[in-house]
1. For B:A279, are the conditions met, namely being within 30 Å of B:A252 (Cβ to Cβ), surrounded by fewer than 19 Cβ atoms within 10 Å (Cβ to Cβ) and either out of contact with any His (no Cβ under 8 Å at 6 or more places or on another chain) or of a type outside the set (F, W, Y) (or both)?
2. Taking only the range B:247-260 into account, find how many residues are more than 8 Å from chain A (Cβ to nearest Cβ), farther than 20 Å from B:A294 by Cα and touching a helix residue (DSSP H, G or I) at 6+ places or on another chain (Cβ under 6 Å).
3. Tell me, yes or no, whether the range B:229-236 has at least one residue that is over 22 Å from the mean Cα position of the chain (by Cα), modelled with pLDDT of 90 or more and of a type in the set (S, T, N, Q).
4. Do we find that A:G11 is surrounded by 21 or more Cβ atoms within 10 Å (Cβ to Cβ), assigned to a helix (DSSP H, G or I) and more than 11 Å from chain B (Cβ to nearest Cβ) in this structure?
5. Output the number of residues of the range B:182-207 satisfying the condition of being buried (at least 19 other Cβ atoms within 10 Å of the Cβ), within 13 Å of another protein chain (Cβ to nearest Cβ) and closer than 26 Å to A:S208 by Cα.
6. So C:L174 passes all but one of these: (1) within 24 Å of C:D91 (Cβ to Cβ); (2) in a helix (DSSP H, G or I); (3) touching a residue at least 24 places away in the same chain (Cβ under 8 Å). Which condition number does it fail?
7. Scan the range C:49-64 for residues that are surrounded by fewer than 17 Cβ atoms within 10 Å (Cβ to Cβ), out of contact with any Leu (no Cβ under 8 Å at 6 or more places or on another chain) and not in a helix (DSSP H, G or I) and report the count.
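The values are calculated or read from the model by the stated rules, or taken from the named source; none is laboratory data. These numbers come from a predicted model, not from an experiment. Cβ atoms come from the backbone with ideal geometry, glycine included; neighbour counts cover every protein chain shown.
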Amino acid sequence: MIDLIQAVGSGMLVGLVYSLLGLCIVLIYKASEAFNFAIGEFMVVGSFLFYILFFDLHLPFIIALPLGLAAAAGAGAIIQRLAIKPLIGRSPISMTIVTLGLAFFIRACLQLIFGSHSYSFFLELPDISIDTGELLFLSDPIWAGILALSAFGVVMFFLFRTRWGLAVRATSENQAKAMAFGINARMILLIVWAASSACIAIAGIMISNFGALSTMSSIVGLRAIPVVLIGGMDSIGGALIGGIIVGVCESMVGTYLEPLGLIGFKEVAPYILLLIVLLIRPYGLFGTVRIERV
Amino acid sequence: MNRRLLVVLSCVLILSSVVLSPASAKEIKVLSQFPMSGPVGALPEFGWGYIDGMNWVNGEGGGVNGKKITWFLEDFRYDPTVEVANFNKYCAEMSRDEFILATGYITGGLKPLADKVNKEEKIPWLDGSYSTEIFGPDGGPSKYPYYYSLGATYGDQVKALMRWIKQNHKGKGKPRVGMVYSPTAWGKDGTPEGIAYAKKIGLDVVAEIEYPYSATDATNECMQLRKAKAQYVIYHGYSGASGCTAIFFKTAKKVLKDVQLMGTHYTTNRMSILVCQEAYDGYVGVATRPFLDAVPRSKTPMENPMIKLAHEFAQKYRPEEYKRGVKDKDAIKDMFLYMEGLTYALMIQKVLTDADNAGDLSREGVKKALDNLVWDFKGMFGGKKFSYKSHTIPMMQIFRAEVKMVQMGDATVPTGSVNPITDWINSDEIKW
Amino acid sequence: MLSVENLRVVYHDVISVLNGISLSVRQGEVLIIIGANGAGKTTLLRSVAGMIDFYDGDIIEGDIKVGDSSIKGLGPTDIMRRCGLTYVMEDRPVFWYLTIEENLGAAAFSRWDREVRKDMEKVLTYFPPLKSLRHKKAGYASGGEQQMLAIAMALMTKPRILLLDEPSLGLAPLVTEEVFGIIKRLNQSGISVVLVEQNAHAALEIGTRGYVMELGRIVLEGKAEELASNKDVREFYLGSGEKSRRSYRDARRYKRRKRWL
């Protein structure tokens, strides 16, 4: 029982970070129907911007975090302006392919600028570990969970309680209709990409804080694929649930199946789960029920 | 940049040798390949150390009894295909009489080249791989007569750690050991041999865990080790500078408070101090080279003559790169890599000279020189000599990391080093 | 008020859709544009609303003016803000996954004044059926309700000129009548309307003037009553020729005549 609580708990904490990765994919997918394959690289860019502010310039965390996120949002906006904007109105596939190219391009740039060794990453947040002897939740994952959840909350508030959020949702549904009603769809897409890269920076900072930061950290971005496919490509709540499912699944497999001799099974388990989910619900667990008029 | 320099240098060398020596004289050609860029990262230090070393050999070092070595350096970008292709290209371009020694760096290239090197070309091949599969009991001189490794195999390294546990275990009962290794050829290499040996000498291997490079969380792995009540954890198959290592050490430090963390060659490293910081304190690891370099780089000369030599070389030939900070891309971040490049150059000079002294400067002559080699490697192993009959340099030492966080300006930075806690161990002399 | 001068529009650099079209909209009128499928009616509205770029089309010649200033090349948001020109696309351009209220809110996005809430209530009183559905997703509303919502959304932008693209598409005749009634009322409240329609009958009843478009050109122009009584228009768009066509040969003659016009 203790094992179960431990596995589910630590899985959920990491899962919340995955949710945030999923959210970033979902935001962009909803707005432009493109899948952002450069998510891992965006994550590393955001983390490095924060790294420079916090570790190199020694700004206090409270200032460095918002500044870092703003810088990440700026970077996302610049990338969108240069690479994505010319494609608005074209097929989403071409945008998806551009993100693939962006992934390679950004990775190469990062390696040129930062090299490829690891940068140590200690945030020194207050210790809030829960340790009852048998149960143990470390401080870093708890902080990651809290921050991820609050980022999720902020995004939800923005989307569902503000006029800009309403415009984002309208544009996400149909760019042409939104433009016809005076919503500047290009501007909205810029905002979506900026918000997405700010969120992703939070995920990147938390993941870097678990270990260290290097350009190779971008592999973690691939975790977002099972998350959004399980949760549903266009569902924000689905990203939350999908992330938790992937996190818990990894941790359960790690606790219960790997000791039985299935060593390394943890890596593939989310994808097996993904296959099962897609067989039952092709749109993902919470993919939008298409409004069909009869 | 390096490559251009290299091209210019080799052009000059070729030209000068053409002009200076009689046309009939046989050249000595050597091919070296290092990963200086590529997916694992920019590691130009290899090339710098090698270039400085070879230039010294051909100049002040006196060459091979006065004869100059024509050397070629290729960056194979950590890609075995490139390594193989480069070798094939040089084999096709150069005559067997002149091209008498080649070096490589990774296991991935050794496998596809096994037949080509050992059966067709029969050219001595020095390699940076510590693969147990190729240099261990199942491979070795009988199977791959022309392959030589510049370090003890991972199997020997893990066994040396097990032996250390056995010798140093305090408390009652069998020592309980957990193995954590990467799900790669590297992580799996040497692990079975180590575990078999542990059982033989009466250790309990209580957990075997695969921990992937792409991990974001090590809580589960550490909890498993805690449940298994492991007292020692051997962490094998990872670079000390990678993110997953930092995750593991940070988590282990908190979850596994009384557990001795241990590891193999590339985890025992000054880069680990920089990346894992305090979490690395107290780590015990085995390495095949002396790792005396402190963080930050100490100004006082090292005790070890080889390290001293490497520092002298770096200060003399690369003053700029030597001075720059660790975060600079064009800095000598890791002296081990620089020393490794230099090691190759010195090794090449040594065996070629031996072969020349024996009067047979050919591929077979170099092989004989390698087989008969008994050397102290400029005092690298504390003055101990080793022989090359196992086709590996069988020397290992066990180190303990001491890391302290120190306030410098407005930042806390890690300081510390890995210090030897045993004498050099010669794997050939131990009855495993 | 709004004038289009010799406009030529090409899609994807090759497909010429508008071949030099000129027309003008006067203050306070309901201008009807009728024409067969592919005549270029929708393209005309897209060009005027500034959305032609989005569909990969280019204005290669001509000009669009509101008053004396050219609006060619401006984006839809700018055109809406500067000229009070709102374009209601065909096929009920409402956001299916937003509630009716959210739809109205989204349409008011380009406004920055504080009266949005008040206007929303006011607009909803024009369309009683919408009031009871205000918290329901627009996708679940009926076709007529959606079309009303689309017009209501257009009203939220406070338009002076309203471009309506086939508001009767897919609606039952009774509902169409209701929608056209609403358009007429809006016009009476001072909004100029450009109405593109296939349903020429109903449209010409509420219109003041009309144009007939064919293959990217204006082929006929006149007062609504004149057009309604025009023999060709009756034959082709009203579907009620005085005497039924005797043979296919006659139809071909009309076709030829139309080209001449």
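1. Values: within 30 Å of B:A252 (Cβ to Cβ): yes; surrounded by fewer than 19 Cβ atoms within 10 Å (Cβ to Cβ): no; either out of contact with any His (no Cβ under 8 Å at 6 or more places or on another chain) or of a type outside the set (F, W, Y) (or both): yes.
When the stated conditions are applied, B:A279 does not pass them.
2. Our first condition is that a residue be more than 8 Å from chain A (Cβ to nearest Cβ); within the range B:247-260, this holds for B:249, B:252-253, B:256-260.
Those still in the list that are farther than 20 Å from B:A294 by Cα too: B:252-253, B:256-260.
From what's left, touching a helix residue (DSSP H, G or I) at 6+ places or on another chain (Cβ under 6 Å): B:252-253, B:256.
Adding up the residues that qualify gives 3.
3. The answer is yes; a qualifying residue exists.
4. Values: surrounded by 21 or more Cβ atoms within 10 Å (Cβ to Cβ): yes; assigned to a helix (DSSP H, G or I): yes; more than 11 Å from chain B (Cβ to nearest Cβ): no.
Spelling it out, it is not the case that A:G11 is surrounded by 21 or more Cβ atoms within 10 Å (Cβ to Cβ), assigned to a helix (DSSP H, G or I) and more than 11 Å from chain B (Cβ to nearest Cβ).
5. Of the residues in that region, 2 qualify.
6. (3)
7. Step one: list which residues in the range C:49-64 are surrounded by fewer than 17 Cβ atoms within 10 Å (Cβ to Cβ), which gives C:55-56, C:58, C:60-61, C:63.
Add one more test, that the residue is out of contact with any Leu (no Cβ under 8 Å at 6 or more places or on another chain), and what stays is C:55-56, C:58, C:60.
The next check asks that each one be not in a helix (DSSP H, G or I); those that pass are C:56, C:58, C:60.
Number of matching residues: 3.
Condition check ((1) under 19 Å from B:Y146 (Cβ atoms); (2) in contact with a strand residue (DSSP E or B) (Cβ under 6 Å, 6 or more places away or on another chain); (3) assigned by TED's automatic domain parsing to the domain that holds B:S95) across all residues:
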| site | (1), (2), (3) |
| --- | --- |
| B:P305 | no, no, yes |
| B:L309 | no, no, yes |
| B:A331 | no, no, yes |
| B:D334 | no, no, yes |
| B:D360 | yes, no, yes |
| B:D410 | no, no, no |
